[in-house]
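The values are calculated or read from the model by the stated rules, or taken from the named source; none is laboratory data. The shown structure was predicted, so the numbers you read here are calculated from the model rather than taken from an experiment. Please note: Cβ atoms are built from the backbone with ideal geometry, for glycine as well, and neighbour counts cover all protein chains shown. The protein model used for the area step is the full one, side chains on, heavy atoms only, and it has no ligands, DNA or RNA in it. Shrake-Rupley method; radii C 1.70, N 1.55, O 1.52, S 1.80 Å.
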Amino acid sequence: MEMLPGPGEQAETSDNLDGGAEQPTNPASRLHDFLTRAVKKTESLSRDEWLTKQGIDPTDQSAIREFALQVIATTNEVRTSIDLLPPSGIQSLLGRHLTQVDEYITRVAFAVNRRIPHEQVSTEVLFSLELCSALFSEHGIVDEKLESGTTDRLLKLIHTLIEEVKGDTSIPAAGRLYLLERLQEVERALLRIDLLGVTFVQSTVDRLIGGAIAYPEIRKKSFLERLANLWHGVHSNAGGVQEISAAASSVIDLAHSITGPTR
C-alpha cells in the first residue's frame with residue numbers, strides 16, 4: 001500500500017499543503033514546481049528511490065499507476081487552461097512540449113531498468129510552463145486556495161471517517177471497501193494538493209459524497225454531517241457563505257431523501 005501519514009502524523013510536504021506561496025498558483029505553476037522538485041540533474045536515483053522520495057511505495061503498482069495518472073491529469077489541466085486563453089499567434093505553441101511530461105512520468109514510474117536518466121525533462125518544457133503560468137495569471141486563471149489550517153483539519157476528519165467506516169459492521173463489506181477507497185482517494189489528493197490543486201480535491205470529495213449516498217445502509221446522521229463538513233471544507237471558496245451553507249444543506253437533504261430516515 002502507498003505510504004501515507006496516519007492520524008497525528010505530518011506529510012513531508014505539509015508546509016505547502018495550504019498554498020504557502022504568496023503568489024496565486026495555477027496548473028502550469030503547480031506542474032513546474034513539481035518537476036523542479038522531482039528532477040535534479042545532479043542526482044542519479046534508482047526508480048525505487050525516486051518513487052519513495054515522492055511518497056510512493058515502489059512495490060505498490062496501484063499507487064504508482066495512480067500517481068502517474070495524477071501527474072498526467074495536471075498536465076491535461078494545463079492543456080485545457082491554454083484553450084481558455086484569448087486566441088493569439090503563440091497559443092498553438094504553448095503546449096507543444098507537454099507530451100514530454102507525459103512521457104517522462106510514464107518512463108520514470110514504470111522504468112524496466114529501474115534507473116532514472118539524468119536528463120528527464122528538457123529546459124524547453126520548464127520554460128514553456130513558466131510562460132504558461134505567466135499568461136494564466138495575466139488572464140485570471142488562478143487556483144482556489146484553502147484557508148490556513150484547513151488541510152490538516154480535513155485530514156483529521158478523513159481519519160475519523162475512515163475509523164468510523166472500518167468499525168461500522170452495519171455497512172456491508174463491499175460498501176465499506178468502496179467508502180474506504182473513496183476516503184483514501186481524498187486523503188491522497190489532500191496530501192498532493194500542491195501538485196493537484198484544490199479543484200482536484202473537490203472532485204474526489206464529490207465522488208465520495210455520491211458513493212456514500214449510493215449505499216442506503218449509511219443512515220447515521222453523524223456520518224452524513226461529517227461528510228457535509230468535508231464537502232464544505234474543500235468548497236468553502238466556491239461562493240458566498242450563504243450559498244455554501246445552502247449547498248451543504250441540500251447535500252444532506254438529498255442524502256436523507258435517498259437513504260431514508262436517519263438513526
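Give me the Kirkwood hydrodynamic radius of the stretch 143-224 in Å, from all C-alpha pairs, to one decimal place? Taking the inverse mean of 1/r over all distinct Cα pairs, the stretch 143-224 comes out at 13.2 Å. With 0.36 nm allotted per residue and the present C-alpha distance subtracted, the Asp206-Asn113 stretch has 29.6 nm of extension available.
Using a probe of 1.4 angstrom and keeping all protein chains present, the accessible surface of the stretch 146-228 works out to 40 square angstrom per residue. Computed about its Cα centre, the charge dipole of the stretch 146-234 is approximately 180 debye, with only Lys, Arg, Asp and Glu carrying charge at their Cβ. The label point for Ala134 and the one for Arg65, both projected 7 Å from the Cα toward the Cβ, are 4.1 nm apart. Among the chymotrypsin sites (Phe, Trp or Tyr not before Pro) within the stretch 53-148, which fall in a DSSP loop and have no more than 16 other Cβ atoms within 10 Å of their own Cβ? Hits after loop and neighbour filter: Phe110. Calculate the translational D of the stretch 41-175 in whole µm² s⁻¹ from Stokes-Einstein, where the hydrodynamic radius comes from the Kirkwood formula applied to all Cα pairs, the temperature is 4 °C and the viscosity 1.567 mPa s. D = 71 µm²/s. For the stretch 42-197, the dipole from Cβ point charges (+1 on Lys and Arg, -1 on Asp and Glu) about the Cα centre works out to 320 debye, to the nearest 20.
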